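Written below as C-alpha cells is the structure these notes are about.
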Amino acid sequence: MERVMSGRMVGSLGFAGAQPNLRDTFVGWVEQREAQHRPHDLLWGLTPDALPAEAPAWAHQVAQANLPVVVRRAVPETDLIPVGLRGTTRAERLAAWLEPAAVRRQLSPDALRTSSDSRDLPVFSTLVAIEPLLDELGLPWGPTGAAGYELASGWPALHAGSDLDLLIRCTAPLSRDQAGALLASLQARALCRLDVLLETPLGGVALADWAGSARQVLLKTAAGPRLVGDPWPEAHAA
C-alpha cells in the first residue's frame with residue numbers, strides 16, 4: 001500500500017512548525033496497534049460466504065462483483081477486521097467482518113488521486129483544484145467516501161450533487177486558527193461541499209468542527225463517538 005509522506009508542512013498557511021518530524025510520528029499512540037488496516041482503507045477479498053446471515057441481496061452482489069469493502073471504526077472481534085459494504089444508494093450499507101488472511105489487496109486514501117479516466121463531476125474537479133494546496137501541507141491525505149471508492153474500484157459511486165469526503169492524517173496538534181485557515185482555503189477552491197476529517201492518533205475529528213468555536217468537538221473512535229476538548233492530549237502531555 002502506498003503512503004504519501006512529503007515531509008514538513010510549508011507554505012502560506014504556516015504549518016511547518018506544527019507537524020515536525022512526520023516520518024518519526026506518522027503512526028501514533030493508538031494507530032500503532034492497528035496500522036495494518038486503518039479506518040477508510042479499502043480492502044479486496046470479502047466473499048459472499050463471509051457475509052452475515054441476514055445480509056441482503058445487494059450485499060451478496062457487491063461481494064460477488066469483487067468490489068472493495070471499507071475498514072470501519074469498531075472494537076475488533078478477535079483478529080477480524082471491521083469492514084463496511086456500500087451499495088448503490090445511501091441506505092445500502094452493511095457492517096461485516098473480514099479475515100486478515102482473506103485480504104488480497106489494500107489501498108489507503110493517501111494513494112488515491114484523479115486520473116484521465118475520472119468522470120467529469122464537480123467532486124473530481126474540486127479534487128484537482130485543491131490537490132496543490134493539500135500537497136503543500138506535507139501531510140498524508142486522500143479522498144474517502146464515494147469519491148475514494150470510485151477512484152479505487154471504478155464503480156460509479158458519485159453523482160453531480162455528491163460531497164467530497166477527505167481525510168488528512170494529522171498526527172501532531174493543529175491549532176484552531178490553523179484549522180480555520182486551512183478550511184477557508186479549501187472552501188475557496190471547492191466546487192462542491194467538502195467534508196474534511198482530521199485523522200488524529202486517537203480518532204477522527206471534522207476539520208469544520210475543530211475550526212469552530214465550540215469548547216468540545218466530536219471525536220470518532222473505535223469505541224464510538226465522544227466529546228473532547230483536545231483531539232491530541234497525548235502530544236500536549238509529552
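The values are calculated or read from the model by the stated rules, or taken from the named source; none is laboratory data. Computed from a predicted structure; not experimentally measured. Cβ coordinates were reconstructed from backbone atoms using ideal geometry, including for glycine residues, and neighbour counts include every protein chain displayed. Keep in mind that these areas ignore ligands, DNA and RNA; they rest on the heavy atoms of the full protein, side chains included. Shrake-Rupley method; radii C 1.70, N 1.55, O 1.52, S 1.80 Å.
Tabulated values for the structure
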read-out	value
Given (1) farther than 23 Å from L207 by Cβ; (2) crowded, with 20+ Cβ neighbours inside 10 Å; (3) in contact with a helix residue (DSSP H, G or I) (Cβ under 6 Å, 6 or more places away or on another chain); (4) not basic (K, R), index of the condition V69 fails	(3)
Residue list for the range 81-91, filter: open to solvent by less than 40 Å² (accessible area, probe 1.4 Å) and either assigned to a helix (DSSP H, G or I) or within 26 Å of H159 (Cα to Cα) (or both)	V83, G84, L85, G87
Where a residue in the range 39-58 is without any contact (Cβ under 8 Å) to a residue 40 or more places away in the chain and its partner, wherever it lies, is of a type in the set (G, A, S) and open to solvent by less than 20 Å² (accessible area, probe 1.4 Å), with Cβ under 9 Å and at least six apart	P48/A55; P48/A59; P48/A63; D49/A63; P56/G87; W58/G87
Meets criteria (basic (K, R) and without any contact (Cβ under 8 Å) to a residue 60 or more places away in the chain) for R189	no
Matching residues, the range 174-229, being assigned to a helix (DSSP H, G or I) and of a type in the set (A, V, I, L, M, F, W, C)	A179, A181, L182, L183, A184, L186, A188, L207, A208, W210
Enumeration of residues in the range 91-132 that are charged (D, E, K, R) and touching a residue at least 60 places away in the same chain (Cβ under 8 Å)	R104, R105, D110
Filter result for V196 (in contact (Cβ under 8 Å) with a residue 12 or more places away in the chain, among the β-branched types (V, I, T), in contact with a strand residue (DSSP E or B) (Cβ under 6 Å, 6 or more places away or on another chain) and more than 18 Å from L112 (Cα to Cα))	no
Close pairs (9 angstrom Cβ cut-off, 6 or more residues apart or separate chains): over 14 Å from A146 (Cα atoms) in the range 65-90, open to solvent by 70 Å² or more (accessible area, probe 1.4 Å) and of a type in the set (G, A, S) anywhere	R73/A223; A74/A223; V75/A223
The range 123-164 - residue that is touching an Asp or Glu at 6+ places or on another chain (Cβ under 6 Å) and surrounded by 21 or more Cβ atoms within 10 Å (Cβ to Cβ) and, of those, farthest from A190 (Cα to Cα)	P140
Lone unmet requirement of (1) over 18 Å from the mean Cα position of the chain (by Cα); (2) closer than 20 Å to P39 by Cα for S175	(2)
Those residues of the range 89-121 which are within 23 Å of G142 (Cα to Cα) and acidic (D, E), in sequence order	D110, D117, D120
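For every residue, the table says whether it meets (1) open to solvent by 70 Å² or more (accessible area, probe 1.4 Å); (2) part of a helix (DSSP H, G or I); (3) modelled with pLDDT under 95; (4) not hydroxyl-bearing (S, T, Y).
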site: G17; (1), (2), (3), (4): no, no, yes, yes
site: G28; (1), (2), (3), (4): no, no, yes, yes
site: Q61; (1), (2), (3), (4): yes, yes, no, yes
site: P76; (1), (2), (3), (4): no, no, yes, yes
site: D79; (1), (2), (3), (4): yes, no, yes, yes
